[in-house]
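Enquirer: I'd like to ask some things about the structure below.
The values are calculated or read from the model by the stated rules, or taken from the named source; none is laboratory data. Values in this document were obtained by computation on a predicted structure and should not be read as measured data. Positions of Cβ are backbone-derived with ideal geometry, glycine not excepted, and every protein chain shown enters the neighbour counts.
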Amino acid sequence: MTPRTTERYTIPGPAGALEIVRNAPPNAPRGIALVAHPNPVQGGTLDNKVAQTLAKTFYALGYAVTRFNFRGVGRSEGSFDDGNGETDDALAALEHARSREQTAGSAQAGSSPTAHASPQLPVVLAGFSFGTYVQSRLAQTVAAERVVFVGPAVQRIGALALPQDTIVIHGEEDDIVHLADVLGWARPRALPIVVFPGCGHFFHGRLAELQRAITGMWHGHGVAPGA
């Protein structure tokens, strides 16, 4: 992603203006990736480094990526709603992304009267920390190709259903969401967890490894952290 491939703007959202950042590949995207940032009460924004890494990862994989600021953050209007309103924000951002990519796809196909509407692109839901909780709520109503969680807020997610091929990545030394809690949450779901040894909640110094790990799993073969 570069400044030339990045668009930042606002759209009408459930609580007023909703700030969006879009990165679309030069060719037709293979899908839409929606990225949700960490807890705004604790300073989380769409410019968080892990959220940016998720966006870079899916952009490199050929997805059109949309990040958005939850209500009350940056240029997004409204106030924190503990995940309820934020889920509405996520849905609004996804609906906008779908419309935007549909329009872009139609433009690339040309405006011939015989041109057919582009099929709806598959959706990836990705989130970091509090953003995983919002995406887990969205996943109850949106059919996602895949879900990717980094540092999942498992106490909030609780028993919400997730696809069996959900990717979960966590830091061994996370002091905000303890690894033992994540393992306890994943165990009855039979969800594998990728653990970064010696890594904290914000993946400081480990972002390139995080991108490689997700990319490797996306291509169907795991990449060990630090490889």
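Enquirer: List the pairs whose first member sits in region 117-143 and is without any contact (Cβ under 8 Å) to a residue 60 or more places away in the chain, whose second member is in a loop (DSSP other than H, G, I, E, B) and aliphatic (A, V, I, L, M), and whose Cβ atoms are under 6 Å apart, counting only residues at least 6 apart or on separate chains?
Expert: Pairs found: Tyr133/Ala153; Ser136/Leu160.
Enquirer: In addition: More than 23 Å from Phe70 (Cβ to Cβ) and touching a strand residue (DSSP E or B) at 6+ places or on another chain (Cβ under 9 Å), is that true of Gly205?
Expert: In short, no.
Enquirer: Being at positive phi and crowded, with 19+ Cβ neighbours inside 10 Å is the filter here; which residues of region 172-223 pass it?
Expert: Selection gives Phe203 alone.
Enquirer: Oh, and also: Looking at region 108-126, can you tell me whether even one residue there is modelled with pLDDT of 95 or more, on the phi > 0 side of the Ramachandran plot and buried (at least 19 other Cβ atoms within 10 Å of the Cβ)?
Expert: Within region 108-126, none of the residues are modelled with pLDDT of 95 or more, on the phi > 0 side of the Ramachandran plot and buried (at least 19 other Cβ atoms within 10 Å of the Cβ).
Enquirer: Is it the case that region 175-192 has a residue that's within 10 Å of Ser136 (Cβ to Cβ), in a loop (DSSP other than H, G, I, E, B) and hydrophobic (A, V, I, L, M, F, W, C)?
Expert: Scanning region 175-192 turns up no residue that is within 10 Å of Ser136 (Cβ to Cβ), in a loop (DSSP other than H, G, I, E, B) and hydrophobic (A, V, I, L, M, F, W, C).
Enquirer: The conditions are (1) basic (Lys, Arg); (2) under 23 Å from Ala208 (Cβ atoms); (3) in a strand (DSSP E or B), and Arg22 fails exactly one of them. Which is it?
Expert: Every listed condition holds for Arg22 apart from (2).
Enquirer: Test each condition in (1) of a type outside the set (D, E, K, R); (2) within 21 Å of Ile167 (Cβ to Cβ); (3) not in a helix (DSSP H, G or I) for Val50 and report the one that comes out false.
Expert: Condition not satisfied by Val50: (3).
Enquirer: Looking at this structure, is Thr2 out of contact with any strand residue (DSSP E or B) (no Cβ under 6 Å at 6 or more places or on another chain), free of Cβ contacts under 8 Å to residues at least 40 places away in the same chain and farther than 17 Å from Phe128 by Cβ?
Expert: yes
Enquirer: Regarding Glu101, is this residue of a type in the set (D, E, K, R), farther than 30 Å from Gly205 by Cβ, without any contact (Cβ under 8 Å) to a residue 60 or more places away in the chain and not in a loop (DSSP other than H, G, I, E, B)?
Expert: no
Enquirer: State all residues of region 1-60 that are buried (at least 22 other Cβ atoms within 10 Å of the Cβ) and of a type in the set (Asp, Glu); if no residue qualifies, say none.
Expert: Glu19
Enquirer: Of all residues in region 6-24, which are within 15 Å of Tyr59 (Cα to Cα) and charged (D, E, K, R)?
Expert: Glu7, Arg22
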